[in-house]
Amino acid sequence: MTALGFLYPGHSAEDDYPRVEQLLGSDVRLDLVHTDVGEDVQRVDALREMGSPERLAAGLQELRLSGAEAVVWACTSGSFVHGWEGAHQQVRDLARAAGMPASSTSFGFVHALREIEARRVAVGATCPDDVAQLFAAFLRDGGAEVTGVRGSGIVTAAEAGTWGEPELFALARAADSPDADAVLLPDTALHTVAHIPALEKDLGKPVLTANQVTVWEGLRLADRRVNAPELGALFTREPVVQV
C-alpha cells in the first residue's frame, strides 16, 4: 500500500481526489487534509499568506497519523506566487516540518511536462491575468516555452469550484494553440478529473490539470508509477522495469 498525503486549501474540488483514488486501484491511498485559506481571493499577497509555513504546518500532524509516505501542497497559485526560488524554499520547509518528501502542484506541472516530453505549453487559468502570468513565468523557469496564457478573471476558489463541463471545455479550447504540445489547467479548485480523456480527445493533445498532476507528483515522490488511462496521457506511461 502506498499512502500519500495532500494539504488542500479550503473546500472546492476536493472530490476529485477520491475519484482519482478509485481509478488508481486498491493499493494507493490518498489522504486529504484541508488547510485554512484565510482570505479566499486570487490576489498575490493573499495567495502568499495562504501558503505560509504556519498554515501548511497546521495540517501535518493529521497526515503523520495517516501513515503518509509523502506530502504535496495541493495548490498551484499558493506556490508559484513565491517565484521559482521561493517555491523551492516552501517545499523544503514543508519537508522538514513533515519529516517526509514534499512537493507542490506547481512543481508537479514542471515534472509532468518532462514526463510527457512536452516543451511548448498553453495555459488556461481561472484566475486573473496578472496571477496567470506568474504561473507562466514559473513554467519558463522550469524549462517550458509558454505559447499563450488565457486568464478568466475569477477571484475566488469558491467560484472556480462551481464550474462544470461547459466552462471547463470552453477554457481549454480558448487557451489552446496549434503550436502547443500540451494544455495546462492549473487550478486545484476546478473539477477536472472526470473530464480529462474527453478534453484530450477534443484538443488532440495531452491535457494536464491541477488535481491530476498533484496526485501524480505524490506518486513520483513515492517512486510509484501507475498506468491509469482514465487519468489521461500523463498516467499512460508504462512502469519502469528494473533489470
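Filter the stretch 153-167 for residues that are under 12 Å from ALA189 (Cβ atoms) and touching a helix residue (DSSP H, G or I) at 6+ places or on another chain (Cβ under 7 Å) and give the result. Across the stretch 153-167, the qualifying residue is only ILE154. Look at the stretch 179-199: where a residue is free of Cβ contacts under 8 Å to residues at least 40 places away in the same chain and within 19 Å of LEU113 (Cβ to Cβ) and a partner is of a type in the set (A, V, I, L, M, F, W, C) and in a helix (DSSP H, G or I), sitting 6+ places away or on another chain with Cβ atoms under 8 Å, you get ILE196/LEU231; LEU199/LEU168; LEU199/PHE169; LEU199/ALA172. For ASP27, the criteria (1) in contact with a helix residue (DSSP H, G or I) (Cβ under 8 Å, 6 or more places away or on another chain); (2) at pLDDT 90 or above; (3) farther than 25 Å from GLU165 by Cβ; (4) of a type in the set (D, E, K, R) hold in every case but one, which is (1). When restricted to residues that are buried (at least 17 other Cβ atoms within 10 Å of the Cβ) and small (Gly, Ala, Ser), the stretch 130-141 contains 2.
Checking ALA158, ALA125 one by one, the residue that is surrounded by 24 or more Cβ atoms within 10 Å (Cβ to Cβ) and either of a type in the set (Lys, Arg) or on the phi < 0 side of the Ramachandran plot (or both) is ALA125 and no other.
Selection of the stretch 107-132 for residues being within 18 Å of MET50 (Cα to Cα), assigned to a helix (DSSP H, G or I) and touching a residue at least 60 places away in the same chain (Cβ under 8 Å) yields PHE107, ASP130, VAL131. Would you be able to say whether some residue in the stretch 209-227 is over 23 Å from SER26 (Cβ atoms), aliphatic (A, V, I, L, M) and touching a helix residue (DSSP H, G or I) at 6+ places or on another chain (Cβ under 9 Å)? Yes: the stretch 209-227 contains one or more residues that are over 23 Å from SER26 (Cβ atoms), aliphatic (A, V, I, L, M) and touching a helix residue (DSSP H, G or I) at 6+ places or on another chain (Cβ under 9 Å).
Inside the stretch 138-175, residues that are among the aliphatic types (A, V, I, L, M) and without any contact (Cβ under 8 Å) to a residue 12 or more places away in the chain make up a count of 1. Summed over the stretch 173-185, the residues that are more than 14 Å from LEU234 (Cβ to Cβ) and buried (at least 24 other Cβ atoms within 10 Å of the Cβ) give a count of 1.
When VAL71 is tested against (1) within 17 Å of the chain's Cα centre (by Cα); (2) closer than 23 Å to ALA125 by Cα; (3) of a type in the set (Val, Ile, Thr), exactly one condition is not met: (2). Taking the listed residues GLU62, GLU85, GLU69, the one that is among the charged types (D, E, K, R), out of contact with any Cys (no Cβ under 8 Å at 6 or more places or on another chain) and surrounded by 16 or more Cβ atoms within 10 Å (Cβ to Cβ) is GLU69, with no other qualifying.
For the stretch 80-97, which positions are touching a residue at least 40 places away in the same chain (Cβ under 8 Å), assigned to a helix (DSSP H, G or I) and not charged (D, E, K, R)? Passing the criteria: PHE80, GLY83, TRP84, ALA87, LEU94, ALA97. For SER12, the test of being closer than 21 Å to ALA132 by Cβ and modelled with pLDDT of 85 or more is passed.
With respect to VAL44, determine if the residue is at pLDDT 95 or above and either among the aliphatic types (A, V, I, L, M) or farther than 15 Å from ALA102 by Cα (or both). No; evaluated as a whole, the condition is false for this residue.
The values are calculated or read from the model by the stated rules, or taken from the named source; none is laboratory data. The model shown is predicted, which means the values in this text are computed figures rather than measured ones. Cβ sites come from the backbone with ideal geometry, for glycine too, and all protein chains shown count toward neighbours.
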